[in-house]
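Reviewing the structure listed below.
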Ligand code: ADP
């Protein structure tokens, strides 16, 4: 199995690249953001709870995310995939530790963490552009977008260090064309 994390700030292109990589390498794409949006669309208790945090640009509490991810992973394992690509998870050190434990319990491990790097003005520009079509509550106003980037700097960026210590982190510039970035990410996966 190949298990990969696509890491990076909001608007760095994780969703776009994860979908492409999942297809190219036959991996199952797990996006916690997409799972929450789907739950919200179906107005489930989990979706409605998550919404309170998402619309403010805050992280959904770890217990909720970890429990959801664990259940989801069990369901996905029934499909016997060649591996997973995690998008938007883990977003805190506690989530990274929980993921390591979960993977170990299931006889798996994380092979590679691809980190997309994009500067803040470009992130804000991209998310504002996306807001016109995404309909996402958290893309609508600049204050919420900046809040998400601040939360990323404070709570999520340390996760890169966690994987760097394990020798699993590979940094890639998230500037440039989608295909060019895709080639770079694919090269790193191929060399595993
Ligand atoms: P983006 O990376 O563009 O912010 P996502 O779709 O990954 O978009 O996430 C949207 C929102 O969903 C986040 O701002 C957060 O509120 C919530 N969320 C998604 N994944 C997690 C997670 N692993 N931990 C906590 N909250 C999460």
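The values are calculated or read from the model by the stated rules, or taken from the named source; none is laboratory data. Note that this is a predicted model, so its numbers are computed, not measured. Every residue, glycine among them, receives a Cβ derived from its backbone with ideal geometry; neighbour counts consider all protein chains shown.
Got a number for residues in region 138-171 being crowded, with 16+ Cβ neighbours inside 10 Å and in a loop (DSSP other than H, G, I, E, B)? Residues meeting the conditions: 3. Within region 172-187, being surrounded by 14 or more Cβ atoms within 10 Å (Cβ to Cβ) and over 17 Å from residue 121 (Cα atoms) holds for 172, 181, 182, 184, 185, 186. Checked against the criterion of being closer than 23 Å to residue 189 by Cα, surrounded by 22 or more Cβ atoms within 10 Å (Cβ to Cβ) and at pLDDT 95 or above, the candidates 25, 36, 86 yield just one match: 86. Counting the residues of region 96-122 that are crowded, with 17+ Cβ neighbours inside 10 Å and either in contact with a helix residue (DSSP H, G or I) (Cβ under 6 Å, 6 or more places away or on another chain) or at positive phi (or both) gives 5.
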